[in-house]
1. Pairs needed: first member in the stretch 67-78, assigned to a loop (DSSP other than H, G, I, E, B); second member anywhere, surrounded by fewer than 10 Cβ atoms within 10 Å (Cβ to Cβ) and charged (D, E, K, R); C-beta distance under 6 Å; at least 6 residues apart or different chains.
2. Consider the stretch 42-58. How many of its residues are in contact (Cβ under 8 Å) with a residue 40 or more places away in the chain and small (Gly, Ala, Ser)?
3. Given the conditions (1) open to solvent by less than 70 Å² (accessible area, probe 1.4 Å); (2) modelled with pLDDT of 75 or more; (3) at negative phi; (4) part of a loop (DSSP other than H, G, I, E, B), which single one is not true for residue 60?
4. Here are some conditions: (1) open to solvent by 80 Å² or more (accessible area, probe 1.4 Å); (2) modelled with pLDDT of 80 or more. Residue 82 meets all but one. Which one does it not meet?
5. Quick one: would you say residue 31 is open to solvent by 100 Å² or more (accessible area, probe 1.4 Å) and modelled with pLDDT under 75?
Amino acid sequence: RDDTLFKNFVGGLKEGVFATSVMDCCHSGTVLDLPYVFIADGEHEEMAMSPDFDFGPLLGMAQTLLAQQGVPPQMVALCMEKCTIM
């Protein structure tokens, strides 16, 4: 289910668009399959990058979306080769 939310909600956002998602659920750290973590312990004030996040599925979805938009296979391959993760 989190893969579906990511694909249809996050993956559909256009460049430069920001979205806020409020989920009322327990242990929802991966609900949108994003590479961030937030610890609500009174000490942490910001989200941080998850050190063990697997970017493989995210890059695979990006590759599929580029191909669906008609981007030539050579360009898709170049994008995947040059992709950097912060």
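1. none
2. Count: 0.
3. All conditions pass for residue 60, except number (4).
4. Failing condition for residue 82: (2).
5. Working: open to solvent by 100 Å² or more (accessible area, probe 1.4 Å): no; modelled with pLDDT under 75: yes.
No, not satisfied.
The values are calculated or read from the model by the stated rules, or taken from the named source; none is laboratory data. Please read these numbers as outputs of a predicted model, since none were measured by experiment. Cβ: placed from backbone, ideal geometry, glycine included. Neighbour counts: every protein chain shown. Just so you know, the surface numbers come from the protein's heavy atoms only, side chains and all, with ligands and any DNA or RNA stripped out. Shrake-Rupley method; radii C 1.70, N 1.55, O 1.52, S 1.80 Å.
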